[in-house]
Structure formats: C-alpha cells, structure tokens
Amino acid sequence: MPHKFNSSRRHKFDAKRDKVTNWPEYNESLRQRGNVMVWLRQDVVQTWRADQRDTPGGQPIYSDIAICVCLTLRQVYHQPLRQTQGLMRGLVGIMGIDVSIPDYSTLSRRGSRVKLPERSKLHRSGPMHLVVESTGLKIFGEGEWLHNKHNVQPKRKSWRKLHLGLDLNTGEIVCTDLTKDDVGDPTALPEFLDQIETPVRRFLGDGAYDGDPTSDVLMARFGKDVQIIIPPPILAVVSPKAARDPTPRNKYITEIAQRGRMDWQVSSGYNQRSRIEAQIGCWKMVSGPKMRARKFENQKTEAKILSWPPKTVPLFVDQWSFEEWHGNGIEMRMR
C-alpha cells in the first residue's frame with residue numbers, strides 16, 4: 001500500500017478496537033504471561049560436551065547445541081554475555097544438572113561459527129505461497145542522548161538489513177538472512193531462496209523487487225508457472241511488446257491504470273503481505289531496538305536464532321493463550 005495513501009481522509013476512519021467481553025479470563029491470561037518455566041531436555045544435557053575430533057588443533061569443550069542454548073536465552077531475556085553466563089549457572093543449579101557453563105568469551109567466539117539445529121518443517125499439502133520483506137536493524141553506536149546532553153556529534157549510525165520469508169499457508173518463517181545496508185533486496189534474493197526446498201506457487205514482494213532480475217531468478221528456480229505479485233512503480237509504463245506478448249507486470253500496469261492501485265491490491269492478493277509486516281513487528285518487539293552483537297557473523301547468528309522456531313516467538317502467536325515452545329534444545333511452557 002502506498003505510504004499514507006489515505007492521509008487526506010484518515011480522520012473519517014474510526015480506529016478498530018476489539019471489545020473484550022470476558023474480562024475474568026482476559027485478566028487471568030495477562031497474569032499467566034509471567035508464569036514461565038524453562039528447562040533443558042535430557043538429550044541436550046547428554047550432548048552438552050563436544051565430541052572429540054581427529055583433526056589438528058584445540059579440542060572444543062562445548063557442543064554447538066550448548067552454545068545455541070546459551071545464545072537463545074540471551075536473546076529471549078535481553079542479557080549481555082556475562083549476565084547470560086550467570087543466568088545459565090542459576091538455571092542448571094535449579095534443575096540440579098552437573099554441567100559446566102561456557103564463559104562469555106567462549107560464547108562470543110563460538111557465536112560467529114556455531115551451527116544451528118535444522119529447522120523443523122511443518123507438513124505442507126502443496127506448493128507454498130511465499131511473501132518476503134526486509135527491515136533495518138540498528139547496531140551499536142552513540143545515540144541522541146549524547147548529542148543533546150554533551151553537544152557531541154555522534155558517529156554515523158550503521159544498520160543491518162534483515163530479510164524474512166513467510167509461508168502464507170502455514171505461517172512459518174521458511175527463510176531468513178542478514179545483510180549489510182549496502183546490499184539491495186534483489187541482490188540478496190538468490191542466496192536467500194537457497195534455504196527453500198519446497199516448490200513455490202506464488203511470490204509476493206514490495207516494489208523493491210520490481211525488475212527483470214527478480215523475475216528471472218524466480219522463474220529459473222520455481223518454473224514459469226510461478227505467480228509473481230510485485231507492485232510496479234507509479235511512473236511505470238508497459239513494454240513495447242505488451243500488445244502481442246504481455247507480461248504479468250504489463251497486466252498489472254494496465255489493471256492499475258483502469259481500476260486504481262487499491263482495487264488491484266485486493267484483486268491480486270497483494271494485501272496479504274501485511275502478515276509478514278506483522279511478523280516483523282513481533283520480531284523487533286522480542287529482539288529489542290537494536291542488535292547486541294558487534295561482529296557481523298555474530299549478528300547473523302543472532303538474527304537466525306530468533307527466526308529458528310516454527311512460530312518465531314510463542315508470546316505473539318496467540319493473544320490469549322500460549323502453548324509449549326521447543327527451540328534450540330530449550331522447552332518453555334507459557335500458559
């Protein structure tokens with residue numbers, strides 16, 4: 001949807017609000033949001049120490065799953081690495097498990113090359129409908145407070161770009177990637193799609209993916225029958241060959257000129273892209289305002305950890321009730 005398309009008449013629209021009719025159940029569900037029990041599965045405890053390797057070099061002490069457990073709890077509870085080490089000490093002490101905890105330097109060093117467990121795959125009855133979106137994530141740096149308080153010019157802020165792919169049929173995040181701010185969306189698309197093994201019937205993306213490179217990559221990977229729904233720019237015109245061999249993009253331009261952009265969004269199904277925008281909002285609410293890692297490889301691991309579970313974070317899957325979450329060797333029961 002164009003930015004602030006209805007801004008001139010927005011005052012005529014009433015804000016949509018959900019009227020709560022079951023206040024006792026609603027209040028109890030809010031109380032239970034703080035009732036979280038965390039424990040480690042027995043198979044994780046048994047594989048906590050790394051296997052001995054035959055190649056030259058130092059022998060690792062902790063397995064990849066042990067590093068994943070620590071980094072996942074760090075992301076969930078917004079802790080620095082030193083506090084994460086203390087959190088894990090307290091957790092294994094409560095559970096009575098006799099395992100050693102990686103120190104903060106080990107977590108920082110191993111976080112750049114840790115291998116995450118394979119993503120659990122949901123059952124699909126047919127090809128998926130893929131919708132992709134990217135968003136910017138802040139990284140460390142001085143903020144506005146330093147400039148206002150001490151009149152010090154802050155450094156130029158850097159940021160990273162998070163790419164997410166959502167299956168509209170199952171609501172599962174099927175692919176994720178983190179790139180630097182100078183990498184465009186079409187440039188990152190080929191490597192981004194390497195994570196998908198299921199055929200794709202329909203692809204939805206915003207105007208940043210408009211162009212022949214995106215169409216060529218999608219048709220080469222998923223066949224010529226894939227439906228590509230990308231809004232053309234406002235000043236887009238049909239190609240000279242549109243009269244005898246119209247492309248889907250030419251059809252979209254003609255339909256928008258005849259019926260308007262808003263009607264085209266409804267008829268083409270482009271409005272369903274709002275689901276991944278809501279997913280990104282949930283991701284940022286859990287991850288916080290900025291990334292915690294300072295090295296790029298650690299930042300990529302940080303982004304993948306929150307995108308690994310089948311339904312990214314259970315806290316935002318259902319507004320009133322919560323189910324068990326199994327991710328990276330951790331089990332959380334949230335009622």
**Request:** Apply the Karplus parameterisation 6.51 cos²θ - 1.76 cosθ + 1.60, with θ equal to phi minus 60°, to every residue of the range 60-76 and state each ³J(HN,Hα) to the nearest whole Hz, in sequence, with x for glycine and proline.
**Result:** x, 8, 10, 7, 5, 5, 5, 5, 5, 4, 5, 5, 5, 5, 4, 5, 5
**Prompt:** Going by a ≥ b ≥ c, the root eigenvalues of the Cα gyration tensor, does the range 128-278 fall in the rounded group (a/c under 1.5), the prolate group (a/b larger than b/c) or the oblate group?
**Reply:** prolate
**Message:** Using 0.36 nm times the number of residues separating GLN46 and MET219, minus their current alpha carbon distance, what extension gain do you get?
**Reply:** 57.7 nm
**Message:** Let's test the formula: R0 of 51 Å, r as the Cβ-Cβ distance of ILE139 and THR21. What FRET efficiency results, to the nearest 0.05?
**Reply:** 0.70
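I want the local charge near GLU255. Using Cβ-Cβ distances under 15 Å, sum +1 for each Lys or Arg and -1 for each Asp or Glu among the other residues. Mind showing how you got there, number by number?
Working: positive: ARG249, LYS251, ARG259, ARG261; negative: ASP263.
That sum, taken over residues with Cβ under 15 Å, equals +3.
How do TRP159, TRP283 rank when sorted from fewest to most other Cβ atoms within 10 Å of their own Cβ?
Values: TRP159 15, TRP283 22.
Going from sparsest to densest Cβ surroundings: TRP159, TRP283.
Which of the peptides 42-53, 81-92, 23-34, 63-74 is most tightly packed, and how do the rest follow, judged by the mean count of other Cβ atoms within 10 Å per residue? Could you put the intermediate results ahead of the total?
Details: 42-53: 13.1, 81-92: 16.2, 23-34: 10.7, 63-74: 22.7.
Output ranking for 42-53, 81-92, 23-34, 63-74: 63-74, 81-92, 42-53, 23-34.
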**Fill in**
Residue by residue through the range 264-280, the couplings from Karplus 6.51 cos²θ - 1.76 cosθ + 1.60 with θ = phi - 60°, in Hz, x for Gly and Pro, are 5, 4, 6, 5, 8, x, 5, 5, 5, 5, 5, 5, 6, 5, 5, 5, 5
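GLY205: net charge of surrounding residues, Cβ under 10 Å, Lys/Arg +1, Asp/Glu -1, itself excluded?
On the way: positive: ARG273; negative: GLU133, ASP185, ASP206, ASP210.
With Lys, Arg at +1 and Asp, Glu at -1, the neighbours total -3.
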**Item:** Additional length obtainable on full extension of the chain from ALA242 to ARG109, 0.36 nm per residue less Cα span
**Value:** 42.4 nm
**Asked** Whose amide H sits under 5 Å from the amide H of TYR62, counting only residues 5 or more places off or on another chain, with H placed in the peptide plane?
**Response** ALA50
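Shape of the range 48-115 from its Cα gyration tensor (a ≥ b ≥ c, root eigenvalues): rounded if a/c is under 1.5, otherwise prolate when a/b > b/c, or oblate?
Details: a/c = 2.34, a/b = 1.47, b/c = 1.59.
In terms of gyration-tensor shape, oblate.
Just add up the charged neighbours of VAL238: K/R +1, D/E -1, any other residue whose Cβ is under 10 Å from the Cβ of VAL238. Could the numbers behind the result be given before it?
Working: positive: LYS241, ARG249, LYS251; negative: none.
Neighbour charge sum, excluding VAL238 itself: +3.
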**Asked** So which GluC sites (Glu not before Pro) in the range 154-212 are both in a DSSP loop and have at most 16 other Cβ atoms within 10 Å of their Cβ?
**Response** GLU197
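Quick note: the coordinates plus some simple rules give every number you see, no bench work behind them. Being a predicted model, the structure only gives us computed values, none of them experimental. Neighbour counts are summed over all protein chains in view; Cβ atoms, including those assigned to glycine, are modelled from backbone coordinates with ideal geometry.
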